[in-house]
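Below is one structure, written out as structure tokens, with a few remarks after it.
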Amino acid sequence: MSADGVGTEHGDGGADEPGWDVDPDDESGVAVVAAVGRQIKGWRESAGLRAGEFGASIGYGEDLVYKVEGGRRIPRPEFLDRADEVLGAGGKLAAMKRDVAEVRYPKKVRDLAKLEAKAVELEAYHHHNINGLLQTEEHMRSLFASWLPAYTQDEMDRVVAARLARRAIFERDPLPSLSFVQEEVTLRRPVGGALALRRQLERLLEVGQWRNVVIQVMPTLRDEHPGTGGLIEVLRFPDGSAVGRSDGAFSGRPVSDPKQLRILGLRYGMIRAQALTPGESLAFIEQVLGET
């Protein structure tokens, strides 16, 4: 997952770069941002304001105004709020926050979130890190901080916001069935330090007691199991179709062919059978918490 960051230079009107770069390979995102930019330009010209004057009136630099109007920069929500007020758009520009809300996230994450929003079942085995849906924000930030090349603060905010937005899967109605299997090592790695780990373990205990969520732990002492090839993720949909992927199968690419999905289902089913039961797993997590 990647994100485009911005700087914090200051011009006559204030912060000059308070937005996100547009990914040129994200065709739908490019179209949305371009449409928003044209609307802002149209309102500005109708108000008889030059770009510099408009920027100064909303607290941003002229360069940013041109970038937003030209569809080369994704405006932040506060930019649209201030523009709406200054240009007297009566809420029409502010309403565009809904249009750019998803575009600010990397396309890969948006596509995943859309699939998760339709799924009735999720099966996920993770071996290196705690599943992103189960992570606390503190854990996310500590995890991303260790990646190289290093994220800027704006990049960090962007990828964290994208991951947090995926938590909507826990709030859907009807509730989907969510199954997670975590390797023991992911519960013991002190990402962010001991206190951060404690809060992460507490989060797992909380989520693991929700009626539509099952969390299981694969003990390190298991001498072998089908998950040693890497993570496995499967999403199943109301019409009976599904999509899945695994590091250890099909070159890691997403698959939807029933024969390939049966292979992933067989592996995940065996992993669940070899892992601790849900009750044993929660007790194990509580034990690790007490040792932390």
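Which residue pairs have Cβ atoms closer than 9 Å, lie 6 or more positions apart in sequence or on different chains, and pair a first residue in segment 258-282 that is part of a helix (DSSP H, G or I) with a second residue that is basic (Lys, Arg)?
Short answer, once both residue conditions are applied: 261/236; 264/245; 274/222.
Please go through segment 167-217 and give me each residue that is hydrophobic (A, V, I, L, M, F, W, C), at pLDDT 95 or above and in contact with a strand residue (DSSP E or B) (Cβ under 8 Å, 6 or more places away or on another chain), ordered by number.
178, 180, 181, 187, 204, 207, 213, 214, 215, 217, listed by residue number.
Being farther than 19 Å from residue 203 by Cβ and part of a helix (DSSP H, G or I) is the filter here, so list the residues in segment 128-158 that pass it.
153, 154, 155, 156, 157, 158
Farther than 29 Å from residue 216 by Cβ, open to solvent by 50 Å² or more (accessible area, probe 1.4 Å) and either part of a helix (DSSP H, G or I) or not aromatic (Phe, Trp, Tyr) (or both): does that describe residue 84?
The answer is no for residue 84.
Check segment 125-133 and report whether any residue there is open to solvent by 50 Å² or more (accessible area, probe 1.4 Å), in contact with a Pro (Cβ under 6 Å, 6 or more places away or on another chain) and either within 20 Å of residue 184 (Cα to Cα) or touching a residue at least 40 places away in the same chain (Cβ under 8 Å) (or both).
no
Any residue in segment 51-71 that's farther than 17 Å from residue 89 by Cα: show its pairings with residues that are among the acidic types (Asp, Glu) and open to solvent by 50 Å² or more (accessible area, probe 1.4 Å) at Cβ separation under 6 Å, as long as the two are six or more apart or on different chains.
52/62
Using the structure shown, decide if residue 60 is open to solvent by less than 20 Å² (accessible area, probe 1.4 Å) and under 30 Å from residue 233 (Cβ atoms).
No, not satisfied.
Exactly one of these conditions fails for residue 7: (1) modelled with pLDDT under 90; (2) assigned to a loop (DSSP other than H, G, I, E, B); (3) under 20 Å from residue 101 (Cβ atoms); (4) of a type outside the set (A, V, I, L, M, F, W, C). Give me its number.
Of (1) modelled with pLDDT under 90; (2) assigned to a loop (DSSP other than H, G, I, E, B); (3) under 20 Å from residue 101 (Cβ atoms); (4) of a type outside the set (A, V, I, L, M, F, W, C), only one is false for residue 7: (3).
The values are calculated or read from the model by the stated rules, or taken from the named source; none is laboratory data. Since this is a predicted model, take the numbers as computed values, not measurements. Every residue, glycine as well, gets a Cβ built from its backbone with ideal geometry; the counts of neighbours run over all protein chains shown. Side chains included, ligands, DNA and RNA excluded: accessible areas come from the protein's heavy atoms. Shrake-Rupley method; radii C 1.70, N 1.55, O 1.52, S 1.80 Å.
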